[in-house]
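Single-structure report; data block below.
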Amino acid sequence: MNNSQNRLQQLNQAGQSIWFDYIERSMVQSGKLAQLMADGITGVTSNPTIFQQAITGSDAYTQDVQDLAAMGKDAKGIFEALAVADIQAATEVLHPVYVQTQSADGFVSIEVSPDLADETEATIAEARRLWQAVDRPNLMIKVPATKAGLGAIEQLISEGINVNVTLIFSLDRYADVKEAYIRGLEKRLAAGGSIAQIASVASFFVSRVDAKIDPLLEKIAADNANLADQAKELMGKAAIANAKLAYAQFQTKFGITEPSTRWQKLADAGAQVQRPLWASTSTKNPAYSDVLYVDTLIGPHTVNTMPPATVDAFKDHGTVARTVDANISQAQAEMDQLAELGINMTQVTDELEREGVQKFADSYHQLLSAIETQLAELTPAD
């Protein structure tokens, strides 16, 4: 690796794309996004929580809120117009990356309403509407990996819409996500459509797994002295082990570690692999390294979406080495030990999915409420 490169650029060389897990208008207007690209950032992700922070955290949007209200838009319409404008501006800055990588990178993501997480047809309809509203080839529509989301993912891919599948926590659900992507490609190919420029990532959440499992391990250690050492040894291990096993699953499904006739047919028609994207990579526990969920998951065909603080931390003291497929047998052993201690991963990941959907829904409604408050302040009392 070239020593003149910063650590983010070295990650790119190692096959990992770095997407910035934050967006706000000033990033584009000030040239900050262009600077981030020069540093090695090749994409941007958003979610309702990020937009809530951006829109309510400054007065940069106040005039637009007023103008959109004057056009008769309600709070939801105003939010969507603001979000679409910000996403469009970011996609234009990142478009050169999209071109240079032949539609493999340079994406910006926008999420369907979290209120639709359990509604397949409504998710499809909203994704289509957002796709048309933004109207940029390097857009990804974020769809949660709920059971209802799986059918939406397959249908949207079959229509040529790029999808960022979000809120994946379990290996079983991840298997379903990859299958939905491949079926969508197969459906489009069978109908005579091109699959050469369709892109998708599978956002596998990381740190939230440790945040959920570590307290369970602490309780086991406190309640049973015979198991205390084993429980303590596993703290901070579950999330990385889970992600590494997901990567192994990815390598098998897409014919990387062993031939796959099914995938090869799609690849021959120009299909891209659905890359694993490591999400929730900021460290929640201050006892752990602030780059723990970056250092340990580096490798080809991956994306890591990092919030601003994690980007800064990794640029300062991250370690670049291929780690994502190292010690897979150890990762499996750690998951087996968790089961031996009575930790039910299915139960844990089901809870995390429900909480993830609820968290985004809460942020979405708080944002709409904040916009409604602004609108009320603009409307003179009778």
Item to check | Members of the stretch 148-181 found to be among the aromatic types (Phe, Trp, Tyr) and closer than 18 Å to Ala239 by Cβ, listed by number | outcome: Phe169, Tyr174
Next on the checklist: Return the pair list, or none, for Cβ contacts closer than 7 Å from residues in the stretch 283-304 that are part of a strand (DSSP E or B) to residues that are β-branched (Val, Ile, Thr), at least 6 apart or on different chains.
Outcome noted: Thr302/Val324; Val303/Val201; Asn304/Ile18; Asn304/Thr281; Asn304/Val294
Checklist entry - Counting only residues that are touching a residue at least 40 places away in the same chain (Cβ under 8 Å), more than 11 Å from Thr349 (Cα to Cα) and not small (Gly, Ala, Ser), how many does the stretch 211-221 have? => result 4
Checklist outcome for this item: Exactly one of Asn12, Asn47 is without any contact (Cβ under 8 Å) to a residue 60 or more places away in the chain and under 24 Å from Thr302 (Cα atoms), and that one is Asn12
Item to check | Ala60 more than 20 Å from Ser200 (Cα to Cα), modelled with pLDDT under 95 and in a loop (DSSP other than H, G, I, E, B) | outcome: yes
Item to check | Hits in the stretch 230-260 - residues which are surrounded by fewer than 22 Cβ atoms within 10 Å (Cβ to Cβ), within 18 Å of Ala326 (Cβ to Cβ) and of a type in the set (Gly, Ala, Ser) | outcome: Gly236, Ala248
Checklist outcome for this item: How many residues of the stretch 98-112 are surrounded by fewer than 17 Cβ atoms within 10 Å (Cβ to Cβ) and either outside any loop (DSSP other than H, G, I, E, B) or among the β-branched types (Val, Ile, Thr) (or both)? The answer is 3
Checklist outcome for this item: Ile195 fails exactly one of (1) in contact with an Asp or Glu (Cβ under 8 Å, 6 or more places away or on another chain); (2) of a type in the set (A, V, I, L, M, F, W, C); (3) outside any helix (DSSP H, G or I); (4) more than 18 Å from Asn47 (Cβ to Cβ), namely (1)
Item to check | Considering residues of the stretch 261-291 that are closer than 25 Å to Leu11 by Cβ and among the basic types (Lys, Arg) only, the residue surrounded by the fewest Cβ atoms within 10 Å (Cβ to Cβ) | outcome: Lys284
Next on the checklist: Within the stretch 198-206, does at least one residue satisfy the condition of being in a loop (DSSP other than H, G, I, E, B), of a type in the set (A, V, I, L, M, F, W, C) and more than 23 Å from Asp295 (Cβ to Cβ)?
Outcome noted: yes
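A quick yes/no check of all residues on (1) over 27 Å from Asp223 (Cβ atoms); (2) at pLDDT below 95; (3) in contact with a Pro (Cβ under 8 Å, 6 or more places away or on another chain):
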position	(1), (2), (3)
Gly299	yes, no, no
Thr302	yes, no, yes
Met306	yes, no, no
Val320	yes, no, no
Gln337	no, no, no
Gly356	yes, no, yes
Gln374	yes, yes, no
Checklist entry - Of everything in the stretch 113-132 that's of a type in the set (S, T, N, Q) and either outside any helix (DSSP H, G or I) or touching a strand residue (DSSP E or B) at 6+ places or on another chain (Cβ under 8 Å) (or both), which residue is surrounded by the fewest Cβ atoms within 10 Å (Cβ to Cβ)? => result Ser113
Next on the checklist: Among the residues that make up the stretch 352-364, is at least one of them surrounded by 14 or more Cβ atoms within 10 Å (Cβ to Cβ) and either outside any helix (DSSP H, G or I) or of a type in the set (Phe, Trp, Tyr) (or both)?
Outcome noted: yes
Next on the checklist: Considering only the stretch 211-229, I want to know if a residue exists there that is at pLDDT 95 or above and assigned to a loop (DSSP other than H, G, I, E, B).
Outcome noted: yes
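Go through the stretch 191-230 and give me each residue that's among the β-branched types (Val, Ile, Thr) and within 27 Å of the chain's Cα centre (by Cα).
Ile195, Ile198, Val201, Val206, Val209, Ile213
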Next on the checklist: I want to confirm something. Restricting to the stretch 320-338 and keeping residues that are β-branched (Val, Ile, Thr) and either touching a residue at least 60 places away in the same chain (Cβ under 8 Å) or part of a helix (DSSP H, G or I) (or both), which single residue is nearest to Met27 (Cα to Cα)?
Outcome noted: Val320
Next on the checklist: Quick check on the stretch 264-287. Is at least one of its residues modelled with pLDDT of 95 or more and at positive phi?
Outcome noted: yes
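For (1) under 30 Å from Ala267 (Cα atoms); (2) among the charged types (D, E, K, R); (3) surrounded by fewer than 24 Cβ atoms within 10 Å (Cβ to Cβ), each residue gets a yes or a no:
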site	(1), (2), (3)
Gly160	yes, no, yes
Asn164	yes, no, no
Ala180	yes, no, no
Arg188	yes, yes, yes
Ala191	yes, no, yes
Asp210	no, yes, no
Asn224	no, no, yes
Item to check | Criterion: in contact (Cβ under 8 Å) with a residue 40 or more places away in the chain and not β-branched (Val, Ile, Thr) - qualifying residue of Ala191, Ala104 | outcome: Ala104
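The values are calculated or read from the model by the stated rules, or taken from the named source; none is laboratory data. Note that the coordinates shown come from a computational prediction; the quantities given were computed from them, not determined experimentally. Cβ: placed from backbone, ideal geometry, glycine included. Neighbour counts: every protein chain shown.
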